[in-house]
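Participant: Let me give you the structure first, and then I'll get to my questions.
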Amino acid sequence: MRWLISMAFVVFMGGIQEPVLAVLEQPDGSQPTFQSILEVESTARLLAILLDSGRNVVDENQARFDNPEKGEKGFTPDVFEARLREVFQLRSGVDLEELDSNRLAAWTKDLIRQLVRVSKQIVQEAQAEINKPGIGFKGFIPAVFGSRVGTRYYDVSGVRMGQRALAPRNLSNQPDPFERAALLEFADPAYPREKVITEVTGVSHQLRLMYPLYATRGCLECHGDPKGTIDKTGYPREGFQLGHNAGGISVILPIQEK
């Protein structure tokens with residue numbers, strides 16, 4: 001199903017001048033509900049955190065995946081989901097097990113549930129890869145997980161999610177002008193950690209959000225020092241340091257004007 005948001009608002013590049021309302025059209029044709037732009041932005045931020053939480057879980061399990069001595073790794077969709085709940089709650093304060101009773105808007109909950117389902121599907125489909133015995137590096141890394149989830153999630157929700165970097169290894173992750181401007185801000189060491197950058201325009205009919213990413217210890221195996229040396233994926237290392245900005249997650253919520 002696709003969620004359509006129509007809005008009446010005053011917009012300026014890089015921000016909104018004053019509180020405005022959005023009309024959320026339910027895909028089943030039921031009565032739309034009014035939401036503030038801040039609530040729409042909050043939803044986009046939660047989706048970005050949820051996708052990155054899934055990436056974190058995949059990152060935590062790289063040694064398990066790449067163990068050539070073991071076939072079945074035990075990294076089932078349910079095991080993934082259990083850890084995803086823990087990471088997401090720690091980072092967002094939202095308990096996925098108690099989502100029904102949460103005061104989030106119904107449409108926000110539905111988008112979150114869809115993203116969890118898609119993430120589990122991608123893990124299920126990767127079982128043959130990660131359980132293959134006799135080889136080390138499997139290639140099911142956070143970036144691959146994120147890319148697969150983003151593609152599938154757009155198909156089921158109409159919400160675009162992608163991983164962006166100023167110098168991406170995968171050319172499909174090249175930033176557009178809005179994303180590049182946000183990434184340049186994220187790259188400033190003085191930029192506030194986890195502060196998002198958003199844009200809403202009547203011309204593009206979209207709410208756009210960029211969420212900053214940071215290098216974890218797991219990231220450094222491929223993206224750390226020595227800079228320029230080839231990592232296990234065949235790419236030169238970027239020389240990132242722990243906590244260094246490592247790009248961002250782009251979220252685009254479609255907007256339909258009345």
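The values are calculated or read from the model by the stated rules, or taken from the named source; none is laboratory data. As the structure is a prediction and not an experimental result, all values here were calculated from the model. No Cβ is skipped: glycine too gets one built from the backbone with ideal geometry, and neighbour counts run over all protein chains shown.
Participant: Out of curiosity, is ARG113 without any contact (Cβ under 8 Å) to a residue 60 or more places away in the chain, under 16 Å from the mean Cα position of the chain (by Cα) and under 20 Å from ILE252 (Cα atoms)?
Facilitator: Yes; evaluated as a whole, the condition is true for this residue.
Participant: Go through the residues of region 4-18 one by one and say whether even a single one is surrounded by 16 or more Cβ atoms within 10 Å (Cβ to Cβ), among the aromatic types (Phe, Trp, Tyr) and either modelled with pLDDT of 50 or more or closer than 16 Å to VAL251 by Cβ (or both).
Facilitator: no
Participant: If you don't mind, another one. Kindly indicate whether any position in region 218-230 is at pLDDT 80 or above, under 24 Å from LYS138 (Cβ atoms), surrounded by 15 or more Cβ atoms within 10 Å (Cβ to Cβ) and among the hydrophobic types (A, V, I, L, M, F, W, C).
Facilitator: For region 218-230, residues at pLDDT 80 or above, under 24 Å from LYS138 (Cβ atoms), surrounded by 15 or more Cβ atoms within 10 Å (Cβ to Cβ) and among the hydrophobic types (A, V, I, L, M, F, W, C): present.
Participant: While we're on this one: Can you report the number of residues in region 118-129 which are touching a helix residue (DSSP H, G or I) at 6+ places or on another chain (Cβ under 9 Å), in a helix (DSSP H, G or I) and either surrounded by 15 or more Cβ atoms within 10 Å (Cβ to Cβ) or among the hydrophobic types (A, V, I, L, M, F, W, C) (or both)?
Facilitator: Residues that pass the stated criteria total 7.
Participant: If you don't mind, another one. The conditions are (1) surrounded by fewer than 18 Cβ atoms within 10 Å (Cβ to Cβ); (2) of a type in the set (A, V, I, L, M, F, W, C); (3) under 22 Å from LYS195 (Cα atoms), and LEU47 fails exactly one of them. Which is it?
Facilitator: It fails just one condition, (1).
Participant: In addition: Taking the residues in region 153-172 that are free of Cβ contacts under 8 Å to residues at least 24 places away in the same chain and not aromatic (Phe, Trp, Tyr) as candidates, determine which candidate is farthest from GLN206 (Cα to Cα).
Facilitator: LEU171
Participant: Assess whether ASN102 counts as being in contact (Cβ under 8 Å) with a residue 40 or more places away in the chain and either over 14 Å from VAL116 (Cα atoms) or polar (S, T, N, Q) (or both).
Facilitator: Judged against the criteria, ASN102 is not a match.
Participant: Does region 130-139 contain at least one residue that is crowded, with 18+ Cβ neighbours inside 10 Å and under 30 Å from ALA187 (Cβ atoms)?
Facilitator: For region 130-139, residues crowded, with 18+ Cβ neighbours inside 10 Å and under 30 Å from ALA187 (Cβ atoms): absent.
Participant: Right, next: I'd like to know if region 76-94 contains one or more residues that are modelled with pLDDT under 95 and in contact with a Phe, Trp or Tyr (Cβ under 8 Å, 6 or more places away or on another chain).
Facilitator: Within region 76-94, not a single residue is modelled with pLDDT under 95 and in contact with a Phe, Trp or Tyr (Cβ under 8 Å, 6 or more places away or on another chain).
Participant: Another question about this same structure. Residue check: is GLU179 surrounded by fewer than 20 Cβ atoms within 10 Å (Cβ to Cβ) and out of contact with any helix residue (DSSP H, G or I) (no Cβ under 6 Å at 6 or more places or on another chain)?
Facilitator: On the way: surrounded by fewer than 20 Cβ atoms within 10 Å (Cβ to Cβ): no; out of contact with any helix residue (DSSP H, G or I) (no Cβ under 6 Å at 6 or more places or on another chain): yes.
In short, no.
Participant: Are there strands (runs of 3 or more DSSP E) fully within region 177-258 with at least 1 residues that are within 27 Å of ASN61 (Cα to Cα)? List them.
Facilitator: Because the criterion is at least 1 residues that are within 27 Å of ASN61 (Cα to Cα), the strands (runs of 3 or more DSSP E) in region 177-258 that meet it are 206-214, 245-254.
Participant: Another question, then. Scan region 142-163 and give yes if some residue there is at pLDDT below 95, assigned to a loop (DSSP other than H, G, I, E, B) and either more than 15 Å from the chain's Cα centre (by Cα) or on the phi < 0 side of the Ramachandran plot (or both), otherwise no.
Facilitator: Checked against the condition, which is being at pLDDT below 95, assigned to a loop (DSSP other than H, G, I, E, B) and either more than 15 Å from the chain's Cα centre (by Cα) or on the phi < 0 side of the Ramachandran plot (or both), region 142-163 yields no hits at all.
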